[in-house]
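Coordinate-derived values only; no laboratory data. Note that this is a predicted model, so its numbers are computed, not measured. Positions of Cβ are generated from backbone atoms using ideal geometry, with glycine treated the same way; all protein chains shown enter the neighbour counts.
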Amino acid sequence: MPQAELQTGRIDCQEEDARLSALASTGILDSEPEPSFDAITRLTAEYFKADTVLLGFADESRVWIKSYWGEPVRELPRERSVFEMVLADDGPVVVPDVSKHPNFTGSRLTIRRLEVASFASAPVRSGDGKILGALAVFGCQPRRRMAVVEMRMLESLADIVASQLELRRMRMTFRRCRQRNARAPKHAAGTWPRKSDLRQALDKREFVLFYQPEVELSTRKIVGLEALIRWQHPERGLIPPMDFIPLAEESGMILPIGDWGLSEACGQIQRWCREDPQQGAPRVCVNLSARQFAREGLADHVEALLRQSGVSSRLLGLEMTESSLVSDHGTALEVLSSLRRLGVSLLLDDFGTGYSSLHHLHSLPFDVLKIDRSFVSRMTEPSDQPLQIVRTIVELARVLGMDVVAEGIETQEQFALLRQLGCRFGQGFLFSRPVAADTISEMLRLPGRILPEPAESATAPMECVIEANYPENAKMEMAHDLS
Ligand code: C2E
Ligand code: MG
Ligand code: MG
């Protein structure tokens, strides 16, 4: 019916407008190629043994290639493209044999020098589900039908691109807000704390390290500990790090505070080794911030600390987020390599929240990646996107030979799902909140260092489990811990 057709046409136009504005809001269109996206096309090619992989985004008339692996392509006409097929199907498209597909009878599909015999493509969607682009794998041979698990992998890889774009969009919005508020001073006079408060706290030894166990998920055995700083203020009580670390970073106080943290952690490792000379201490991981990372001679400094405390380097881990790495890739590689040569473990913290994650993942010498809590907490949501992302991260880590630690496990359901996905290690309130060193000593005395079976849900019942096992000191720490 002509009228219906007209109406459909109008709706399509509106949808296309909405799609284009979603695309513009990510800032991806016409942006320079970025290695982070090259990492994903390369990993896709490795996984699918593809001859060419393209990650493209479509404007009105063309598919503009953000990253390729194999045949070098900058852009393609949108008409009759693989992207159009993905858009028409509103989902993934698999063509195992191009010669038998009705769209290609009597015509060939070529990408530069590659005569395409088979392809598959999955959509890259915006936060509200609009198809912005597609990730496509191409082969020069017909292939068997795609297994469900392979299809899921392709969709998950496209979802990772989508989550990177969503973060980029959020960051752009945030930057705009910040520019608007640029005149307001960050730490206005009269707000607490000030730099001098931090200096005093350090002099008066008011900082303290808490430790959170990292467990092997199949056994609940403690395999590591994360050191997390708190400020034990005489009047204000226990202050969580997010209330003073940003000021410490901004004011430069993070350097002496960070030095204190590293040497305190080394001293504590020594004490745990003495308490249990047979098993020794588990690896203790200390968080490093950007200023510490950018400091000249970081590796020499860590080496000197290890020597002074007599701690073996394999008992120390250093956690960094992507944003704390220096932006110059060559320097980051140099610093990390020299730390690695010392024998300390390097952990990429909050993985998945930085948009260049994949680049760092395979080009820098990290040996562990920690899946950010935001993905773990959303894993059980009705939309299975976060679950897919976690699945893909676990799979990528496996391909790259890295260990994975899931952060922020709070529920039995998350715990069970992570185990199903093959994630080996985790930490979270379900097992234990961060607690004082004495409580950790008690935990390390448990048979096999295996933590008690977690209660049904994380917060309240878990505290009961811990209290039941470590009655006196644990109760006090639970009451104080604000995390
Ligand atoms: P992070 O390194 O990602 O540490 C994990 C944070 O998640 C900790 O918060 C921990 O208490 C919290 N957490 C762990 N499991 C769960 C869970 O199941 N549910 C929830 N809701 N949260 C959980 P915390 O101790 O407040 O530390 C926050 C951040 O402060 C850390 O994030 C780290 O970036 C920074 N930080 C902590 N200690 C230090 C330090 O000594 N030096 C530096 N530079 N930064 C530190
Ligand atoms: Mg950390
Ligand atoms: Mg983290």
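A few points about this structure:
- Angle in degrees between helix 385-399 and the longest Cα principal axis of the chain, rounded to the nearest 10: 80
- Relative exposure of Trp260, Trp192, Trp69, judged by other C-beta atoms within 10 Å (fewest first): Trp192, Trp260, Trp69
- In the chain, the longest principal axis of the Cα atoms and the axis of helix 254-275 are about 70 degrees apart.
- Distant-in-sequence amide contacts of Leu217, defined by a placed amide H-H separation under 5 Å and a gap of 5 or more residues or a different chain, comprise Phe425, Gly426.
- Grouping the Cα pair distances of segment 18-66 into 10 Å bins from zero gives a pair-distance distribution of 24, 46, 26, 4 percent in increasing distance order.
- Debye-formula intensities of segment 193-276, expressed as log10 I(q)/I(0) at q = 0.11, 0.15, 0.18, 0.21 Å⁻¹, are -0.36, -0.62, -0.81, -0.99 (one equal scatterer per alpha-carbon, no solvent).
- Residues whose amide H lies under 5 Å from that of Leu318, counting only those 5 or more places away or on a different chain, are Val286, Ser345, Leu346, Leu347; hydrogens are built 1.01 Å from N in the peptide plane.
- Segment 379-453: C-alpha pair distances exceeding 20 Å, %: 40
- Peptides ranked, highest mean first, by Cβ atoms within 10 Å: ranges 109-119, 49-59, 23-33: 49-59, 109-119, 23-33
- Calculated over segment 225-358, the projected area of the Cα convex hull averaged across directions stands at 9.3 nm².
- FRET efficiency, Cys140 to Gln279 (Cβ-Cβ, R0 41 Å, nearest 0.05): 0.15
- Cα long-axis angle, helix 148-180 against the chain (0 to 90 degrees, to the nearest 10): 70
- When each of Ile254, Ile239 is scored by the number of other beta-carbon atoms lying within 10 Å, the sequence from fewest to most is Ile239, Ile254.
- Here the chain carries DSSP beta bridges of which approximately 70% are antiparallel, counting only pairs with both residues inside.
- By the Cα gyration tensor, the chain has an equivalent ellipsoid whose semi-axes, rounded to whole angstrom, run 46, 25, 22 from largest to smallest.
- Sorting the segments 195-201, 99-105, 389-395 by their residues' average number of neighbouring beta-carbon atoms within 10 angstrom, most packed first, yields 389-395, 195-201, 99-105.
- The 3J(HN,Hα) values that the Karplus relation (6.51, -1.76, 1.60; θ = phi - 60°) gives for segment 137-143 are, in residue order, 10, 10, x, 8, 10, x, 10 Hz. Gly and Pro appear as x.
- The spacing between segment 259-304 and segment 66-104, judged by their C-alpha centroids, is 51 Å.
- Among Arg152, Arg168, sorting on how many other beta-carbon atoms sit within 10 Å of each Cβ, with the fewest leading, yields Arg168, Arg152.
- Within straight-line reach of Lys100, meaning a Cα separation under 19 Å, sit the following aspartates and glutamates at least 8 residues removed in sequence or on another chain: Glu84, Asp89, Glu115.
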